[in-house]
Amino acid sequence: MNVTDWLRHARAALEDSGCPDPEIDARYMAEDVLGMTRFDLKFEGDREVGPDQQARLNAMLARRAAGEPVQYILERADFMGLKFHVDRRVLIPRQDTEVLVEHALIALSGMGEADVLDLCTGSGCVGLSLKSLAPLANVTLTDISRDALEVARMNAGLLSVDVDVRHGDLFKAVGRQRFDLIVSNPPYIPHLELSELQREVRHEPTLALDGGRDGLDLYRRIALDAPRHLNSGGSVYLEVGIGEAQAVRALLMEHIDCADSGVIKDLNGIDRVVWARSK
Ligand code: GLN
């Protein structure tokens, strides 16, 4: 069997099993196992696939066809142009979340050596991207899941950045420390909607998704405690779920003595990030 044959076989199998992106997923697996680029796959499709490689590819294909996300199978996700290790201990970084990081970077650009806190860090994708792209910042990552923090630490090592990693429930992880910028992509799916999620998402940790009855539990707690952890003039940037932006902005405005606040849309035109700057 050559590369083109395997790709054709994989695409058909993934299509039959209801995968949303058969073409892309088949290609990612082939690139990984065969050590070929997208370009190689296209122009050297007649290369033979050895029996070992075929066995590895087919094992991956079976997992993907059964609904496991391709990022867990390859143990890798791209985010902000950086590579992150991911596995079942953490949420897979989403492209939507890049909007959060981009706007947090703009906020940081005027600050110099800022103290930054990433709550619910998971894989670390938000805080570690900030540290990689704004190296002057002092970045602290926290999560309630020790499993997730192991992944975040691993990613800090892979990206060769130095960050402070603390375990704890939201702000409990940081004592009385204050920050210039607090960012978070907390769990925000309303509890009853969890069972309706795509089968891929159901492989991800519930703890990273479940936002309580209306999805806003974590935002209530973040808004309530943020004033004790923000330096004056400091900002909070939060990713939100569909339809949650106005409620979350109201929560921030209720608790933080705001100089300014706003909502930012993602590339699909959905309100995705809520921010507030304290006086
Ligand atoms: N901060 C991580 C991310 O954006 C994890 C988020 C979470 O676990 N809710 O992917």
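Take each peptide in 39-46, 71-78, count the other Cβ atoms within 10 Å of every residue, and average; sorted highest first, the result is 71-78, 39-46.
Straight-line cross-link reach from K83 at under 21 Å between alpha-carbon atoms covers these lysines, not counting any fewer than eight positions away in the same chain: K131.
Using r as the Cβ-Cβ distance of R47 and D16, and R0 as 25 Å, what FRET efficiency do you calculate, to the nearest 0.05?
Efficiency, rounded to the nearest 0.05: 0.45.
Relative to the longest principal axis of the Cα atoms of the chain, the long axis of helix 146-158 makes an angle of roughly 70 degrees. Around the Cα centre of the chain, unit charges on the Cβ atoms of Lys, Arg, Asp and Glu (plus for the first two, minus for the last two) sum to a dipole of about 580 debye.
With a ≥ b ≥ c the root eigenvalues of the C-alpha gyration tensor of the chain, is it rounded (a/c under 1.5), prolate (a/b larger than b/c) or oblate? Display every interim value, and only then the final one.
Working: a/c = 2.38, a/b = 1.91, b/c = 1.24.
Because a/c hits 1.5 or more and a/b exceeds b/c, the chain counts as prolate.
Using a 1.4 angstrom probe on the protein heavy atoms only, could you order R202, R63 from most to least accessible area? Display every interim value, and only then the final one.
On the way: R202 140, R63 100 Å².
Highest to lowest solvent-accessible surface, that is R202, R63.
Between helix 97-109 and the chain there is an angle of about 50 degrees, using the helix long axis and the longest principal axis of the Cα atoms.
Computed with a 1.4 Å probe over protein heavy atoms only, the accessible area of H191 comes to about 100 Å². Which residue, G124, L149, H167, has the largest displacement toward the positive end of the dipole of the stretch 96-194 when charges sit on each Cβ (Lys, Arg +1; Asp, Glu -1)? The listed residue farthest towards the positive side: H167.
Tell me whether the stretch 145-279 comes out rounded, prolate or oblate; compute the Cα gyration tensor, take square roots of the eigenvalues as a ≥ b ≥ c, and use a/c under 1.5 as the rounded threshold. Could the numbers behind the result be given before it?
Numbers: a/c = 1.65, a/b = 1.08, b/c = 1.54.
Oblate shape, in that a/c is at least 1.5 and b/c is the bigger or equal ratio.
Probe radius 1.4 Å, ligands and nucleic acids ignored: give me the carbon and sulfur share of the accessible area of the chain as a rounded percent. Of the solvent-accessible surface of the chain, carbon and sulfur hold 49 percent. Distance between the C-alpha centers of the stretch 118-174 and the stretch 228-279? Whole Å please. For the stretch 118-174 versus the stretch 228-279, the Cα centre distance is 21 Å. For the residues L192, L230, a 1.4 Å probe over the protein chains yields an accessible-area ranking, largest first, of L192, L230. In this label model, A59 and R88 are separated by 1.6 nm, measuring between points 7 Å along each Cα→Cβ vector.
What angle, in degrees between 0 and 90 and rounded to the nearest 10, separates the Cα long axis of helix 22-34 from the longest principal axis of the Cα atoms of the chain? The angle comes out at about 80 degrees.
The values are calculated or read from the model by the stated rules, or taken from the named source; none is laboratory data. Everything numeric in this text was worked out from a predicted model, so none of it was measured. Note that we place each Cβ from the backbone using ideal geometry, even for glycine, and neighbour counts take in every protein chain shown. The accessibility values were calculated without ligands, DNA or RNA, using every heavy atom of the protein model including side chains. Shrake-Rupley method; radii C 1.70, N 1.55, O 1.52, S 1.80 Å.
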